[in-house]
Amino acid sequence: MSKNSLQSLILEVAMNDVSIRRKTLGTLLVFVSLGLFWYGFSLANTAGSMALEYYRTAKVTNEALACEPHYKAVIGSAIIQSIKTARQRKGGSLDSETKAAEKLTTQSYTFSLRLPLTLSILAFLVLIAGSGMAVSGDPFWVLLDPNTKCTSLSRTQAILWTALILGGYAALSSFNIAYGTTDAIAAKTPYQLFPGIDGDLLLLLGIVAGSPIAATYLSGTTNITQCPASESTGLIDRVAELFTTDGSDTTGQLQLSRMQCIFMTLILGCCYASMLFQYADSIDAAALVNAAGQRPVFPDMPTVTGSFWVLLTASHTIFQVSKSNWGKQFFKTGT
């Protein structure tokens, strides 16, 4: 065997070994993501169960005041006292209720789903990266345009929005189910425990879901230059592709339409994430008392206004138009 053949064989074996290790790591990440999701879902469920237990205890303790005008306020105060007691209980080893209270309540003595919500969103993102590595060895595999093999901005946006909204939906639903299932079934007018999604939020999901389809079609109708293979592309290069190219442009320059779309997504995404976390972070006693036996604590997902999805639609439309052959004439760098 010649020296060159031996070197080629060693290189091939080394590359195969790296590929196998990446795929193995990807498979592990898939299981990690399932664990994260289950833990987040369980924490939200635990928060709902604790809230229900505190409400029922307060109700039984103050049953004699049921006809008093300030009955709800008394129940609310009792719930707050239960949270305070659980958070302040100390000992050689903290019991499960105290540990849960430290994770799922705030110093203002309200229930918080910040941790379950974070875990649910993170689980979705880890699942995307893990599944990509398990299939191809590339954590960005799900984000790649099938025509150009470059990181797709449209697919990245769709994944981020889906993770944010579905992660929130899972956490809020879990709390509702734990807190209200018994009452919802027994109510004279049974009510749904899953948060509603209004038309504007559905339209947002439709826009971000349809954008990758349009992007894939446009990348297949323009003159394209494929990006390097996954094995030769690092993390920094994959991220840079979001700002510079879709495979139809080899200049490597920043593209105005892409920058605009990225900034708009960051602004709108951060705003919605902030609203979602605030919504899930302060479940006070009054909300628990008012919801009991009548409606879910979280009847709806946080909504977006018309101006929100108009801005999102405009940025996506401009970006998709800029990918077409004639649209490129209007979005050249420096013009």
Worksheet item: What ranking, highest mean first, results for peptides 64-70, 296-302 when packing means the other Cβ atoms within 10 Å averaged over each residue?
Response: 296-302, 64-70
Item to complete: For Ser42 paired with Thr182, estimate the spin-label separation in nm (one decimal), with each label point 7 Å from Cα along the Cα-to-Cβ line.
Response: 2.2 nm
Worksheet item: Mind ordering 155-161, 107-113, 267-273, 26-32 by average Cβ neighbours within 10 Å, highest first?
Response: 155-161, 107-113, 26-32, 267-273
Worksheet item: Using alpha-carbon positions, what is the distance between the centroids of region 105-136 and region 262-288, in Å?
Response: 15 Å
Worksheet, complete the sentence: Quick calc, Cys67 & Val321: beta-carbon distance into FRET formula, R0 45 Å, rounding 0.05, result 0.10
Practice prompt. Along Cα→Cβ, 7 Å out, is where each label goes; now give me the distance between the ones at Thr313 and Leu34 in nm to one decimal.
Written response: 4.0 nm
Worksheet, complete the sentence: Hits in region 286-304: amide N under 16 Å from the 7 Å Cα→Cβ extension of Gln278, namely 301-304
Worksheet entry | Stretchable slack from Arg56 to Ile20, in nm (0.36 nm times residue separation minus alpha-carbon distance) | 7.6 nm
Item to complete: Between beta-carbons, use under 13 Å as the cut-off and find the net charge around Met301, counting Lys and Arg +1, Asp and Glu -1.
Response: -3
Fill in: Contour minus Cα-Cα distance for Leu166 and Ala286 (0.36 nm per residue)
40.5 nm
Worksheet item: If packing is taken as the mean number of other Cβ atoms within 10 Å per residue, what is the order of 306-314, 283-291, highest first?
Response: 283-291, 306-314
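Where a number appears in this text, it was derived from the coordinates with a stated rule and is not lab data. Computed from a prediction, not measured in an experiment: that's the story for all the values here. A quick note on method: Cβ atoms are made from the backbone with ideal geometry, for glycine too, and the neighbour counts reach across all protein chains shown.
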